[in-house]
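Let me give you the structure first, and then I'll get to my questions.
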Amino acid sequence: MVPHELGQGRLELGLPDGRPQKVLRIDATGASSTLIGRLVVGSYITGQDQVLVTARGGLSLVQRAEIHRVVDRLLGMSVVDDRPEAVEIENFVDPGKYELPRLLGRVVELLHRQLEGCLAALVGESSAGLDRLDAVEEEIDQLYLLMARQLLLSSDSPRLARDIDVPSHHFQLGDRLIAKVLEVTGDLVHNIGTDLRDHLEGVRQMPPALTRAVAHRLRRLMGLLDRTMIAFANLSVPEANATLNRIAKVLPRDAYLGPLIARRVPDPKVAGAIQRVVCHLVMAHEMLVVVNEVTINRSVEPETVALTGARVALGGRYGGDLPRVDRPDALVGPSVRVGTRGD
């Protein structure tokens, strides 16, 4: 890399052949702060390592504050220069540093933490987990954006795809879909926890049978999440199919719980909160349907069957040639946590 003079004593690193490294320039003149924030997120996902945000007449305080707020949420991205006329942003994270299965495993672990906090609060054990909901949700969002960035960059780089353990470009779309589904699941569980937290006193006064019914559905979601991710990690068609059958069987029954709550919980605010909880649980189960369908579809991908003699490996990943994953946290490996900003 060679430096190029930008003026005012600032240098920009360039490629070895002398061409300046690309800088994404965003003209924010007249743009709302929300649009600027979304453009910064988009630049992160699409792999832009240097971004310069400017505006004719200078950026407003609101615009600059939104840039900082968004950048603070993105792993590896930092504001390196902030002036009234321009804000410069750089991304320091190595796109090949974290293997995708490890990031997915970390998200599953965080989803468990959310669900366990909701369950403990519901049954009267502890509400401490609800106090950590926002922080956990924030980490899930950060990991999703990092995964989306890695997958988009790996679509143009076979070396990067290998580094993040995405063996084929045929798998990248499915991996992106699963990352998004898990992020949406995190949003749904966060909504569940928020409703419980905001109406906890009334929720704990519900009839015990209703409390048990909701608690059962929280535990069931945790179990099905584990089964779903184990099937995905092992490319197990029978396990994915069994999980889909289980979800198809239980969801129609959940439709009866909403009217039951409306009849048996006299406080309309508490009744409405628990009905929303059940609705979000149903939607979270439906998110798992998508992951299991990706697993089944991947088993018949040309890239997959090429490794199995043009047959579907019903016995698991490539006919059982690779070690089996028996629990979701094994996706992550011995070191679970992803580094924070600038790592």
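Only one of Ala273, Ala284 is surrounded by 20 or more Cβ atoms within 10 Å (Cβ to Cβ), at pLDDT 90 or above, farther than 22 Å from Leu224 by Cβ and of a type in the set (A, V, I, L, M, F, W, C); which?
One residue alone meets the criteria, Ala273.
Return yes when Leu151 is assigned to a helix (DSSP H, G or I) and surrounded by 17 or more Cβ atoms within 10 Å (Cβ to Cβ) and no when it is not.
yes
Out of Ala31, Ala65, report the one residue that is part of a helix (DSSP H, G or I), more than 24 Å from the chain's Cα centre (by Cα) and aliphatic (A, V, I, L, M).
Matching residue, one of Ala31, Ala65: Ala65.
Quick test of your reading of the structure: Thr194 fulfils all but one of (1) free of Cβ contacts under 8 Å to residues at least 24 places away in the same chain; (2) over 21 Å from Glu99 (Cβ atoms). Name the failing condition by number.
Single failed check for Thr194: (1).
Among the residues in the range 98-117, are any over 18 Å from the mean Cα position of the chain (by Cα) and either closer than 14 Å to Arg149 by Cα or free of Cβ contacts under 8 Å to residues at least 24 places away in the same chain (or both)?
So far as the range 98-117 goes, no, none of its residues is over 18 Å from the mean Cα position of the chain (by Cα) and either closer than 14 Å to Arg149 by Cα or free of Cβ contacts under 8 Å to residues at least 24 places away in the same chain (or both).
So if I check each of Val80, Val62, Val107, which one is within 29 Å of Asp156 (Cβ to Cβ) and in the same structural domain as Val23 (by TED's automatic domain parsing)? Reasoning before the result, please.
Numbers: Val62 fails: within 29 Å of Asp156 (Cβ to Cβ); Val107 fails: in the same structural domain as Val23 (by TED's automatic domain parsing).
The match here is Val80.
Further question on the same structure: Name every residue in the range 123-143 that is assigned to a helix (DSSP H, G or I) and either among the hydrophobic types (A, V, I, L, M, F, W, C) or crowded, with 22+ Cβ neighbours inside 10 Å (or both), in order of residue number. Walk me through it before giving the result.
Here is the first cut: in the range 123-143, the residues assigned to a helix (DSSP H, G or I) are 128-131, 133-143.
Correct list: Ala128, Leu130, Leu133, Ala135, Val136, Ile140, Leu143.
Additional query: List the helices (runs of 4 or more DSSP H) that sit entirely inside the range 183-274 and contain at least 2 residues that are under 20 Å from Gly105 (Cβ atoms) and β-branched (Val, Ile, Thr).
Passing ranges, in order: 208-234.
To continue, here is another question. What's the number of the only condition in (1) crowded, with 20+ Cβ neighbours inside 10 Å; (2) hydrophobic (A, V, I, L, M, F, W, C); (3) part of a helix (DSSP H, G or I) that Leu173 fails to meet?
The single condition Leu173 does not satisfy is (1).
On to the next question. Mind checking whether some residue in the range 158-168 is in the same structural domain as Leu244 (by TED's automatic domain parsing), buried (at least 21 other Cβ atoms within 10 Å of the Cβ), free of Cβ contacts under 8 Å to residues at least 24 places away in the same chain and under 24 Å from Ser299 (Cα atoms)?
yes
Please identify the pairs in which a residue from the range 240-252 that is touching a residue at least 24 places away in the same chain (Cβ under 8 Å) has its Cβ atom under 9 Å from the Cβ atom of a residue that is of a type in the set (Phe, Trp, Tyr), counting only partners at least 6 apart or on another chain.
Sorted first by the residue in the range 240-252, then by its partner, the pairs are Ala240/Phe232.
Also: Which residue pairs have Cβ atoms under 8 Å apart, sit 6 or more places apart or on different chains, and have a first residue in the range 291-307 that is small (Gly, Ala, Ser) and a second that is at pLDDT 70 or above?
These pairs meet every condition: Ser299/Leu235; Ser299/Val237.
Output the number of residues of the range 75-90 satisfying the condition of being part of a strand (DSSP E or B) and surrounded by fewer than 21 Cβ atoms within 10 Å (Cβ to Cβ).
9
The values are calculated or read from the model by the stated rules, or taken from the named source; none is laboratory data. Worth saying up front: this structure is predicted, and the values here are computed from it rather than measured. Neighbour counts are summed over all protein chains in view; Cβ atoms, including those assigned to glycine, are modelled from backbone coordinates with ideal geometry.
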